[in-house]
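Structure first, then comments.
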Amino acid sequence: MSGHSHRTPDGFAAQAREALGDRTLTQAMRRVTDLFAERRAAALETVPDWQELRQQARAIKLHTLARLDHYLAQFAGAAAKNGAIVHWAEDAAAACRIVGELAQVHRATRLVKSKSMATEEIHLNAALAAAGTEPVETDLGEWIIQLAGEMPSHIIVPAIHKTRQQISELFVDKLGVAPSDEPTVLAAEARERLRQHFAEADMGISGVNFGVAETGTILVLENEGNARMTTTLPKVHVAVMGIEKVIPRFADLEVFLRLLPRSGTGQHLTSYQSLLTGPDVGVPGRAGQGPRELHLVLLDNGRANIAVDETMRETLACIRCGACLNACPVYQSVGGHAYGAVYPGPIGAILTPQLQGMHQAAALPFASSLCGACKDVCPVQIDIPSLLLELRKRAVEGEAPGAAPAKRAAFEALTWKLWAWFVRSPGRYRFAAAMARLGDKLPLVKRLLPPMRAWASSRALPRLAKRPFRAGHKDGGS
Amino acid sequence: MSARETILARLRQRAPDAPPPPPLPPVRSTALLEQPPFASRLAAFTAILAKLGTTVEHVADVATAARRTTELLAEHGARSLASSDHALVAAVTAQLPTDIERLAHDAPRDDLLRAEAGLSSAQWAVAETGTLVLVSADERHRLCTLLPDLHIAVVPASRLVATLGCAFARLQPDAAPAGQTITFVTGPSRTADIELTLVVGVHGPKALRVLVIDD
Ligand code: SF4
């Protein structure tokens, strides 16, 4: 389906080189990461207890993940009691089969979908398309890349690699409309087309940001209103939820809502949160206004194995805010496509190898300078650099003799290429400063990454490193 | 084994030497903080929504709210109004000019889809974030606050709380009927998906207007 589905996690080096040659892409990436990082910093100024919030969120997540069997069962029980129909999916294939069967049972041929990483992870659209019922993506950015047959380049703004002119050409080509490069005109066109889809849809598919164990409530967060449409207008709503999304208490939502939008887009809150507790069927004499059926698909797909791995467990604390992407010097330069997977950037570099298996994604843990910016900005304080090191260790240990040196050689070539690109770019001080921070971690780094030694001893570094590292220090590290 | 049992069994495969789970910390809520007076809450609510292009007006009574609603509808060129089933909304709509087409919360879906404006109340309004909190068990709000281009909310002054935590503390979903939907609304629908340029009203309302009514 996608014109770029040939990309793979292990192809990172070549894909990164390709990305660096694409000026439109690299400029767009720089713009979006700069803007979100600036907005995030401004948003944090208004929250005096930011560090306490992060600690609280982390403590809640680490507790829940360590007892996920308990909280997941509690969540499923509460959701069922409130009228939701709960399905359990061990892997991607099972989840796709469940959603496909639901579409079949309800004779749903017109499906709408709001943005969801979990459904992208299981390639739900492709599976449903094979059965002849591909859902229409309704988030503006997702819709644009669906029309174009491309992959998202950023988890918050998926079509950010496309210029307005390219989007206009796409609309002219696919929708037969007059050309316009005004975002308001393009968005209005999308609104009209997608309204039609919403009005006719038989089934709506969404993701879930948080699932509350004590009440069985799911929370879906967004800005556009397409998730509200998707979860309100069709007769049937199917929500696909990674099992790690459970939190214990309804009141815990406040902490996560204070952290998530500020970390992601720098908004104090996104425009809409929908908190759904069972299907809105109404009471006698007062009709409900939502779907008659709410199906929850609880997706494992590798998560349970991460949850029982004491070292790697905190990977699952991620609330998908995107802050680590925006702060990462590698992601800022190469963008999301280079990672060859649904989850890009620092979180993708630790999550993808664990979900897809190291045999497919061993290159990703090496696609980082270990500068620590991701850890500094993460609202749940995930120690991504340490997890990257652990995965590197496992990648090297787990490989056939000879494979690891080859991998390292490829990575070495890539890092030099990246370095050359950075020193030519106007934002190079950020990378240099990031490299300077790397000095703290040298003993480990030296062992794993030969080129780093040269960088760290480079005479240019102390001078460059005097510039502040904008993305991380603001909130006092972790 | 069912998929449920398989997944739960996987989650129970902890190493025998695994450390005990870290404790669940007590709830951290802003509801416990000292609440500022109404005037400060209203000022904060108005200021933060102004940044999102949403106006907040403080009006003395239902008659004034009805007059302002009429004017807002005219300003936006809206001639049809979809309403929730809230008592305050009914009181306001009763005083609107008769040439405005009224669509009740249970009007046919196709009619609601073409409504030009929507009128709701809110169960809570949050000063700190500029958020309206709507609870379906108390008010059928899902369509009239979402489908039309213009959303007008008439909110009793007594419902304006300081923080998100205050709203959460009052929601108590475990005591609520099954099938309850709670919607948080903060400003109009928005997107920055095309070159990061802000566009309002991409799917939901293009404009939100709030009237805070003394009660
Ligand atoms: S790892 Fe942390 S910073 Fe990155 S997306 Fe997840 S929560 Fe956000």
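The values are calculated or read from the model by the stated rules, or taken from the named source; none is laboratory data. Remember, predicted model here, so these are calculated numbers, not experimental data. Every residue, glycine among them, receives a Cβ derived from its backbone with ideal geometry; neighbour counts consider all protein chains shown. Ligands, DNA and RNA are stripped out before the accessible areas are found, and what is left, the full protein with its side chains, is counted by its heavy atoms. Shrake-Rupley method; radii C 1.70, N 1.55, O 1.52, S 1.80 Å.
Structural remarks
- For segment A:22-55, a residue qualifies if it is outside any helix (DSSP H, G or I) and open to solvent by 40 Å² or more (accessible area, probe 1.4 Å), and the qualifying residues are A:ASP22, A:THR46, A:PRO48.
- Residue check for A:ASN301: open to solvent by 10 Å² or more (accessible area, probe 1.4 Å), in a helix (DSSP H, G or I) and either more than 16 Å from the ligand (Cβ to nearest atom) or in contact (Cβ under 8 Å) with a residue 60 or more places away in the chain (or both): no
- Wholly within segment B:60-153, helices (runs of 4 or more DSSP H) carrying at least 1 residues that are in contact with a Lys or Arg (Cβ under 7 Å, 6 or more places away or on another chain) and touching a residue at least 12 places away in the same chain (Cβ under 8 Å): B:62-75, B:87-93
- Condition met for A:GLY290 (within 16 Å of the ligand (Cβ to nearest atom), over 18 Å from A:LYS115 (Cα atoms) and either surrounded by fewer than 22 Cβ atoms within 10 Å (Cβ to Cβ) or without any contact (Cβ under 8 Å) to a residue 60 or more places away in the chain (or both)): no
- Which numbered condition A:ASP280 fails, given (1) closer than 23 Å to A:GLU90 by Cα; (2) surrounded by 22 or more Cβ atoms within 10 Å (Cβ to Cβ); (3) not aliphatic (A, V, I, L, M): (1)
The rows are residues; the columns are (1) touching a His at 6+ places or on another chain (Cβ under 9 Å); (2) among the hydroxyl-bearing types (Ser, Thr, Tyr); (3) open to solvent by 10 Å² or more (accessible area, probe 1.4 Å); (4) more than 9 Å from the ligand (Cβ to nearest atom).
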position	(1), (2), (3), (4)
A:ALA317	no, no, no, no
A:ARG320	no, no, yes, no
A:LEU325	yes, no, no, no
A:SER333	no, yes, no, yes
A:ALA338	no, no, no, yes
A:GLN360	no, no, yes, yes
A:SER369	no, yes, no, yes
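- Unmet criterion (only one of (1) open to solvent by 10 Å² or more (accessible area, probe 1.4 Å); (2) more than 10 Å from the ligand (Cβ to nearest atom)) for A:GLN381: (2)
- Conditions (1) out of contact with any strand residue (DSSP E or B) (no Cβ under 7 Å at 6 or more places or on another chain); (2) farther than 16 Å from A:GLY207 by Cβ; number of the one not met by A:THR133: (1)
- Among (1) within 11 Å of another protein chain (Cβ to nearest Cβ); (2) buried (at least 17 other Cβ atoms within 10 Å of the Cβ), the one test that B:ASP106 misses: (2)
- Residue, nearest to A:GLU244 (Cα to Cα), within segment A:324-340, restricted to residues that are part of a helix (DSSP H, G or I) and small (Gly, Ala, Ser): A:ALA327
- Just one of the listed residues (A:ALA73, A:ALA148) is of a type in the set (Gly, Ala, Ser), open to solvent by 20 Å² or more (accessible area, probe 1.4 Å), in contact with a helix residue (DSSP H, G or I) (Cβ under 9 Å, 6 or more places away or on another chain) and facing another protein chain (nearest Cβ under 9 Å), namely A:ALA73.
- A:ALA190 of a type in the set (A, V, I, L, M, F, W, C), touching a Ser or Thr at 6+ places or on another chain (Cβ under 6 Å) and crowded, with 22+ Cβ neighbours inside 10 Å: no
- In the set B:PHE45, B:PHE38, only one residue is under 30 Å from A:LEU53 (Cα atoms) and open to solvent by 40 Å² or more (accessible area, probe 1.4 Å); that residue is B:PHE38.
- Picking from residues in segment B:6-18 that are of a type outside the set (A, V, I, L, M, F, W, C) and more than 7 Å from chain A (Cβ to nearest Cβ), the one that is surrounded by the most Cβ atoms within 10 Å (Cβ to Cβ) is B:ASP17.
- Taking strands (runs of 3 or more DSSP E) as the structural unit, those lying wholly within segment A:199-259 and holding at least 1 residues that are at the interface with another protein chain (Cβ under 10 Å from one of its Cβ atoms) correspond to A:210-212, A:217-222.
- Matching residues in segment B:191-215 - criterion: being in contact (Cβ under 8 Å) with a residue 40 or more places away in the chain, within 7 Å of chain A (Cβ to nearest Cβ) and either open to solvent by 10 Å² or more (accessible area, probe 1.4 Å) or more than 21 Å from B:LEU147 (Cβ to Cβ) (or both): none
- Only a single item in (1) open to solvent by 20 Å² or more (accessible area, probe 1.4 Å); (2) among the small types (Gly, Ala, Ser); (3) within 13 Å of another protein chain (Cβ to nearest Cβ) is not met by B:GLY187, and it is number (1).
- Within segment A:260-275, the only residue that satisfies the criterion of being within 9 Å of another protein chain (Cβ to nearest Cβ), of a type in the set (A, V, I, L, M, F, W, C) and not in a loop (DSSP other than H, G, I, E, B) is A:LEU275.
- Residue in segment A:306-318 that is in contact (Cβ under 8 Å) with a residue 60 or more places away in the chain, facing chain B (nearest Cβ under 9 Å) and not in a strand (DSSP E or B) present: yes
- Verdict on A:GLU142 being in the same structural domain as A:ARG292 (by TED's automatic domain parsing) and open to solvent by 20 Å² or more (accessible area, probe 1.4 Å): no
- Residue identified as farther than 22 Å from B:THR54 by Cβ and at pLDDT 95 or above among B:GLU195, B:GLU101, B:GLU128: B:GLU101
- When segment A:341-388 is filtered for residues that are of a type in the set (A, V, I, L, M) and in a loop (DSSP other than H, G, I, E, B), the ones remaining, listed by number, are A:ALA341, A:VAL342, A:ALA362, A:ALA363, A:ALA367, A:LEU370, A:VAL380, A:ILE382.
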